[in-house]
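S.K.: Quick one: structure below, then a few questions.
The values are calculated or read from the model by the stated rules, or taken from the named source; none is laboratory data. Worth saying up front: this structure is predicted, and the values here are computed from it rather than measured. A quick note on method: Cβ atoms are made from the backbone with ideal geometry, for glycine too, and the neighbour counts reach across all protein chains shown.
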């Protein structure tokens, strides 16, 4: 085999490898989550693992609002030990004065007058993180652009036995069933 043939094969191999690397890079960039869009806010306090009080800075004057996280249902505080543990997890993750982005769903409110929405901490979707750490059950009560992410986060927590999915001490009754009238 001639040296020019070897060199030609070497160049083709590196050229293909470069094309594969570029294609893979473009694919991975296309899979990135979109940057969060919403309103700047500051955490005032965590009420439960699925409700927070935030100060929305873009409103004039800034308004304190209670926000119910979309896509999850966390154990009630009376569901010991998971309810308090879930709340403590979120309170440690989002202490008071933490700047966040609040993505509000169409200004609609629930029966407790809470806004429905998502909380972003930098590029982290907190709703998803709570599910991934096993502190809530994924719900599909309203259309969400993040539902697939929520379902995957819950599956991850279940497989690894995080939080309420711990096989030694699992949550025996879903939050919705716990709250339902007997």
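S.K.: Only one residue in 96, 143 is part of a loop (DSSP other than H, G, I, E, B) and modelled with pLDDT of 90 or more, so which one is that?
M.R.: So the residue among 96, 143 that is part of a loop (DSSP other than H, G, I, E, B) and modelled with pLDDT of 90 or more is 96.
S.K.: Would you confirm whether any residue within the stretch 74-83 is loosely packed, with under 14 Cβ neighbours inside 10 Å, closer than 30 Å to residue 169 by Cβ and at pLDDT 90 or above?
M.R.: yes
S.K.: Only one residue in 148, 129 is outside any strand (DSSP E or B) and under 15 Å from residue 52 (Cβ atoms). Which one?
M.R.: It is 129.
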